[in-house]
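Trainee: I have a structure here, written as structure tokens, and I will follow up with some questions on it.
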Amino acid sequence: MELQFVMEALWQRNAYIMAGVLCGVFMLLMIACVEVSLVLSYLILSQEDYRWWWTSFWSSGSSGLYVFCYGLLFFLGNQNLGSMHLASVCLYFCYTVLISEGFTLMTGAVGFLASRVFVRRIFAAVRVD
């Protein structure tokens, strides 16, 4: 629901007045990204597979795919955006791709860094006798 308000503020020139709610939702998203990344990294490490890097990145970074799909559905479901010229449609989708790629990099980096700290703390506690 929050993404609906953000997309309307971006593309329909509506004022976005719930910045506090957006900040709270953003913090919840970051916490969820950290938790998902830590759980999947732990499951990979418990199977004695040391290749946890990309899984930790893509597990939380896949939310960018959701943002892109939502941008596509927003475009198809909005009559004002559907009647635009070809150049405007290309511009809309280029911006949507850039926003979703940035979102992927941001959430993926948060997940990777959290998993890296987690793995370093786990292996720091291991004693070889």
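The values are calculated or read from the model by the stated rules, or taken from the named source; none is laboratory data. All values derive from a computational prediction rather than experimental measurement. Neighbour counts are summed over all protein chains in view; Cβ atoms, including those assigned to glycine, are modelled from backbone coordinates with ideal geometry. These area figures cover heavy atoms from the full protein model, side chains too; ligands, DNA and RNA do not enter into them. Shrake-Rupley method; radii C 1.70, N 1.55, O 1.52, S 1.80 Å.
Trainee: Looking only at residues in region 33-69 that are of a type in the set (Phe, Trp, Tyr) and modelled with pLDDT under 90, which one is most open to solvent (accessible area, probe 1.4 Å)?
Mentor: For region 33-69, the residue satisfying everything is TYR50.
Trainee: Can you report the number of residues in region 27-56 which are farther than 14 Å from PHE123 by Cβ, of a type in the set (D, E, K, R) and in a loop (DSSP other than H, G, I, E, B)?
Mentor: Result for region 27-56: 2.
Trainee: Filtering region 99-129 down to residues that are touching a residue at least 60 places away in the same chain (Cβ under 8 Å) and either among the β-branched types (Val, Ile, Thr) or in contact with a strand residue (DSSP E or B) (Cβ under 6 Å, 6 or more places away or on another chain) (or both), which residue is nearest to LEU40 (Cα to Cα)?
Mentor: It comes out as VAL119.
Trainee: So, one more: Quick one: would you say ILE99 is open to solvent by 50 Å² or more (accessible area, probe 1.4 Å) and in contact with a helix residue (DSSP H, G or I) (Cβ under 7 Å, 6 or more places away or on another chain)?
Mentor: Yes, satisfied.
Trainee: Against the definition (touching a residue at least 60 places away in the same chain (Cβ under 8 Å) and assigned to a helix (DSSP H, G or I)), how does THR96 come out, yes or no?
Mentor: Criteria not met by THR96.
Trainee: Please verify whether region 60-75 includes one or more residues that are within 16 Å of the chain's Cα centre (by Cα), in contact (Cβ under 8 Å) with a residue 60 or more places away in the chain and closer than 29 Å to ARG120 by Cβ.
Mentor: For region 60-75, residues within 16 Å of the chain's Cα centre (by Cα), in contact (Cβ under 8 Å) with a residue 60 or more places away in the chain and closer than 29 Å to ARG120 by Cβ: absent.
Trainee: While we're here: Take VAL110 and tell me if it is assigned to a helix (DSSP H, G or I), among the hydrophobic types (A, V, I, L, M, F, W, C) and open to solvent by less than 70 Å² (accessible area, probe 1.4 Å).
Mentor: Answer is yes for this residue.
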